[in-house]
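Encoded as structure tokens, the structure appears first; notes follow it.
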Amino acid sequence: MVEGQLSIEEYETGNTKHKWDYKKLKLAHRVVFEYNYKKGKVQAGYTNRTLYINLTTNEIKEKKVTEEMKEKFTGGRGFGLKLLWDSIKHTTRWNSDENELVITTGPLCGTTQYPGSGKSLCLTVSPSTDIICDSNVGGFFGPYLKFAGFDALEIQGKAKYDVVIVIDGEKGKVIIETAPLEETNTHHLNEQLTKMYASEDTDKSRQKVSVISSGKGAENSYWGCLNFSFYDIRRKVPRIKQAGRGGLGSVLRDKKIKAIVTKVEKVSGISNNPADPITLAKIGTKLHREVRDLDRYQCNMRAVGTAHLVEIMDEYDLLPTENYRFGNFPKASKIYSPEFYKHFTKIIPDGCWHGCTMACSKTVDGFTVMTGPYKGQKVTVDGPEYETVACGANMSIWDPLWILEFNFYCDTYGLDTISTGTAIAFYMEMYEYGILNKERCNNLELCFGNSEAVLELIHRIARGDDGEFINVASKGIRRVKNWLIKNGWGEPNIIEDCGMESKGLEYSEYVTKESLAMQGGYGLTLKGPQHDEAWLIFMDMVNNAIPTFKDKAEALHYFPMWRTWFGLNGLCKLPWNDIEPANNAETDDPTKVPEHVQNYVDYQKAMTGKKITKEDLILQSERCYNWQRAMNVWMGRGRRKDDWIPYRSMGPVTEMEYLSRKDRYDKYLAEKIGLFEKEIEKMNINEKMKLLYNFRQDQYQKLADAVYFRRGWTPNGVPTPQKMKQLGMNDHIMLKFLQDVIDKDDKAGLNVWGGKYRKGEEPPSIQPKYWEKW
Amino acid sequence: MSIEVNSKVVDWVENETVKDLLKRMRYTFPLVVVKINDKVVPRKDFSEVKIPDNSKVAVIHMISGG
Ligand code: SF4
């Protein structure tokens, strides 16, 4: 034990002091329908079947996973896309009866030998974007779902009353039962259900149960997240990780699902039944050693998790403050990771799945809640991670304890901290400009830094307050933009430029103004502006390693494909590049961490027994990535116009922003636009801003041109049938659909490049219909 | 009397070590690979190795986080 640390007995772990009348809770349950299944065995990472539940028709069935499905869609997110394609319509919206909530695993999910192998991928049609949103999450549910017998769980339809879905891997039984008395909010519900469904009243038994839940906030907003539990045997508390983005929790509650519970008989190192367990153990051990020996000199994830990024982002002018107006702030040091380290419990390992030595899921135990319905309770707060801390910065709230309170309430109410924080930061800016005011905000003084007002807003959302502002604000930035513009409040341009959403989804927490590649990393994505496809800011802005459009397009091809692969397999991305081998610097391309890439080739090979190269990994991803984009097109949201991003992510919207970085922007006008110093001196600020605006908008369009071309899409961003065939995706309905869209775009004159190419510049191809020659 | 750091020209400072240069450039990110004229400088040598005049320095920031 390190000097100054408390012994485990002295930690107050929270959530442990409640007494529930379990008999009464259980007596109120009524079985609506159930299904017995034959328990199976996992073979080389797959159970080879999925579970389908329809809450409207009370139907439960098993679906076979074919070799073709594995070949084309690999698993995880790929399986989710395939199941959705087979079940929804192009007109399906988030609250349509036929919309599905799909929870998937992946062939490597559930491995205990290799760090970061317990992720689930969740998919649905999102209330924010009207297209498919995928979100990855740790916790025990994914691995347990697989060990209970299924590669994926597909839920369609809606229940009449609040239900709990129980997948009992011990008995081979699926039960849908009403659950009227349990709490909806996660921290209580998890505690109740974990204990209720454990086979015995022991911690070991409780550890074999995992719960998916959301909360009251999810019911009343489009920001609903899914909380996946993992029972912490040392703290004696069910902890949680979130599938945060895109409103998955709102879909859960719309289906009247209070929770999904899965339990297993046992978990072991060979539960996945790998084809080559010896190789698997060997590569796992190598990485465990690296993490153990090197993490403290690299990212320090084991001590502070991703919160270590706060000080780095602040230093590099990338930490969003005051709705992304600035990238650093004098008060930021108040929320640097050492401030949270003080509160983190230090002697308990924090892996969100067995065997993850990275152990970055930090926790504050014994936190006393300061406001709202749980005021005075002691709770365990899971986090905060970087994004949640940065939300504090974005709303100009610099108090670590307040950030913990925000973290706790968002989690228990089932709200995505990112969407909640980013949206409120935008409302605050609108408040500052007088576009919103106290009256328009249902009596909330929503100015930057008003921490009380933020919590009050969140509590009112969770209570289902019917104020007009509360109602529209909880649906996110896009709806508020429309509402403000409809009411004629404020300049539409300012509203559109300042509100950080794209495709209807709120941005995650990085300032991208000086990195064109990262603007693409947010805009040219499938589900919307989440950084999980590509994080290129350093490579582009600091390293200057991808100077041309072609270079940036290559990065915006490779990294999204590479990162997609983690989601197909049920893996966490962090052990890929948040730790690096000691000799990584000497490799050809250190940013790709070649040794770890080889680990993943060997890992998938050892699990599935198939012959695999590193090129095959990218091919697996390309298939699913293109399929998802094609499904976006099918749902009416996958073209150039849908890849629009707000100008705040490209440059300074306001004079104050320009002036705060005047030297930088003046230099840019000289170096990139070719103005002479004297010309710049003569210009007023509005002229300079306009020039910069037009130039950067054009740069983004040129980037989109290069990326579409590299990805094998038309100039309007549509995946071509030729590309799909090359990838082996031959579904004739999809191919015909894509061809029809391309023909229609052609007739409408939309198959043209978006950038304005001057003399000496060339678009990616001068051939019309270049894709037909592939 | 200048050096190039990540393709940007900056002043050369006599006796400046890699560690000093990182500080001057405010490169606080821990996961960096440093190359001087294409030769990797091991992390353990950052406080000893001096930057020669006219050299090309690459400070490659890895893509952690995100
Ligand atoms: S690295 Fe962190 S988030 Fe990823 S699996 Fe491990 S503990 Fe969970």
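Only the coordinates and a few stated rules stand behind these numbers; no lab work does. Remember, predicted model here, so these are calculated numbers, not experimental data. Using ideal geometry, Cβ is built from the backbone for each residue, glycine included, and neighbour counts are taken over all protein chains shown.
Packing here is the average count of other Cβ atoms within 10 Å per residue, and on that basis the peptides A:153-160, A:57-64, A:672-679, highest first, run A:153-160, A:57-64, A:672-679.
Inter-chain Cβ neighbour count for B:29-36, averaged per residue, equals 5 (cutoff 10 Å, partner chain atoms only).
Computed on segment A:350-399, with alpha-carbon pairs under 8 angstrom and 6+ residues apart, the relative contact order is 26 percent. Please say if segment A:429-485 is rounded, prolate or oblate, where rounded means a/c under 1.5 for a ≥ b ≥ c the square roots of the C-alpha gyration tensor eigenvalues, and otherwise the choice is prolate for a/b larger than b/c and oblate otherwise? Note, shape of segment A:429-485 comes out oblate. From most to least packed by mean Cβ count within 10 Å, the peptides A:538-551, A:449-462, A:130-143, A:734-747 give A:130-143, A:449-462, A:538-551, A:734-747. Shielding of peptide A:544-555 by partners, expressed as the average count of other chain Cβ atoms within 10 Å per residue Cβ, is 1.
How high is the relative contact order of chain A? Use alpha-carbon pairs under 8 Å, at least six apart in sequence, and give a whole percent.
On the way: 1647 pairs, mean separation 105.4, N = 774.
Value for chain A: 14 percent.
Take each residue in A:639-651, count the other chain C-beta atoms within 10 Å of its C-beta, and the mean is 0. Using the average count of surrounding beta-carbon atoms within 10 Å as a protection proxy, the listed peptides A:319-327, A:630-638 rank, highest first, as A:319-327, A:630-638.
Does segment A:76-185 classify as rounded, prolate or oblate by the C-alpha gyration tensor (a ≥ b ≥ c root eigenvalues; a/c under 1.5 gives rounded; else a/b over b/c gives prolate, otherwise oblate)? Because a/c hits 1.5 or more and a/b fails to exceed b/c, segment A:76-185 counts as oblate.
Residues A:Val267, A:Val164 in ascending order of nearby Cβ atoms (within 10 Å, fewest first): A:Val267, A:Val164.
Counted over all Cα-Cα pairs of segment A:277-506, pairs farther apart than 20 Å make up 62 percent.
Taking a ≥ b ≥ c as the square roots of the Cα gyration tensor eigenvalues, segment B:2-61 comes out rounded, since a/c falls below 1.5. Between the listed residues B:Ser2, B:Met25, B:Ser55, the Cα displaced farthest toward the positive end of the dipole of segment B:2-61, a dipole computed from Cβ unit charges relative to the Cα centre, is found at B:Met25.
Taking all Cα pairs closer than 8 Å and separated by 6 or more residues, the relative contact order of segment B:2-61 comes to 49 percent.
Can you tell me the dipole magnitude for the protein assembly as shown around its Cα centre, using point charges on the Cβ only (Lys, Arg +1; Asp, Glu -1), in Debye to the nearest 20? Display every interim value, and only then the final one.
Details: 118 positive and 113 negative charges, 454 e Å.
The calculated dipole for the protein assembly as shown is roughly 2180 debye.
For the protein assembly as shown, what percent of Cα pairs sit more than 38 Å apart?
Values: 136999 of 352380 pairs.
Looking at the protein assembly as shown, the distances longer than 38 Å represent 39 percent of pairs.
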